[in-house]
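Trainee: One structure, as structure tokens, below. Some questions next.
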Amino acid sequence: MDEGRLFERPVYRRARRLCLALPETSERTAWGHPNFRAGRKVFCAFEIIKGRPSIAFKLKPAQAKRALRSREFFATPYGRGSWVSVWVDGDLHWDTVGALVETSYRNVALKRMLGALDANGR
């Protein structure tokens with residue numbers, strides 16, 4: 001399966017819906033894979049690393065360190081301590097993925113965006 005088609009798998013469709021449900025988000029392809037932005041800042045990315053599909057999340061260093069204690073996460077190769085990834089070719093805990101999408105978004109979103117998110121009851 002070519003990489004472009006990998007990003008259309010059901011797991012990515014579900015994650016895409018989570019990302020695009022947040023205020024003022026958009027999807028753009030950069031570096032050969034889908035990136036999700038809050039305004040201009042990337043908070044989540046779909047990637048193929050070592051031939052395996054994954055989702056990367058933008059976290060604060062302390063959040064990344066905490067996430068990396070779990071075996072299901074790994075340090076994103078380019079992440080410099082602030083990006084954490086999860087493989088998506090096995091079982092996923094969607095509550096955890098949803099929480100990380102929102103945390104990543106909150107880490108980069110503008111106050112106006114956070115206000116809109118919080119006004120929607122999140």
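Trainee: What are the trypsin sites (Lys or Arg not before Pro) within segment 54-110 that DSSP puts in a loop, where the Cβ has at most 10 other Cβ atoms within 10 Å?
Mentor: Arg69, Arg71, Arg80
Trainee: Taking only protein heavy atoms into account and a 1.4 Å probe, give the accessible area per residue of the chain in Å².
Mentor: 59
Trainee: When the chain is modelled as a GNM with alpha-carbon springs shorter than 10 Å, which of Leu22, Leu100, Leu68 fluctuates the most?
Mentor: Sorting by GNM fluctuation, first place goes to Leu68.
Trainee: Hey, which lysines would be in cross-link range of Lys111, C-alpha to C-alpha under 22 Å, not counting anything within fewer than 8 residues on its own chain?
Mentor: By straight Cα distance, Lys111 reaches Lys41, Lys58, Lys60.
Trainee: Separate question: If r is the Cβ-Cβ distance from Ala119 to Trp87 and R0 is 41 Å, what FRET efficiency results, to the nearest 0.05?
Mentor: That pair, Ala119 with Trp87, gives E of 0.75.
Trainee: Taking the Cβ of Gly90 as the center, what net charge do the other residues with Cβ under 15 Å away carry, scoring Lys and Arg +1 and Asp and Glu -1?
Mentor: +2
Trainee: Evaluate the Debye formula for the chain with equal point scatterers sitting on the alpha carbons, no solvent, and hand back log10 of I(q)/I(0) at q = 0.10, 0.16, 0.23 Å⁻¹, in q order, two decimals.
Mentor: -0.27, -0.72, -1.49
Trainee: Among Leu20, Ser82, Phe7, whose Cα sits farthest toward the positive end of the charge dipole of the chain (+1 at Cβ of Lys/Arg, -1 at Cβ of Asp/Glu, about the Cα centre)?
Mentor: So the residue we want is Ser82.
Trainee: With +1 on each Lys and Arg Cβ and -1 on each Asp and Glu Cβ, and nothing else charged, work out how big the dipole of segment 1-79 is about its Cα centre, in Debye to the nearest 20.
Mentor: Roughly 360 debye for segment 1-79.
Trainee: Can you bin segment 1-69 into rounded, prolate or oblate? Criterion: square roots of the alpha carbon gyration tensor eigenvalues sorted a ≥ b ≥ c, rounded for a/c under 1.5, prolate for a/b above b/c, oblate for the rest.
Mentor: The shape class here is oblate.
Trainee: How many percent of the accessible area of segment 1-105 is carbon or sulfur, using a 1.4 Å probe?
Mentor: 50
The values are calculated or read from the model by the stated rules, or taken from the named source; none is laboratory data. Not measured: the values here are computed from a predicted model. Every residue, glycine among them, receives a Cβ derived from its backbone with ideal geometry; neighbour counts consider all protein chains shown. These accessible areas exclude ligands, DNA and RNA; they are computed on the full protein's heavy atoms, side chains included. Shrake-Rupley method; radii C 1.70, N 1.55, O 1.52, S 1.80 Å.
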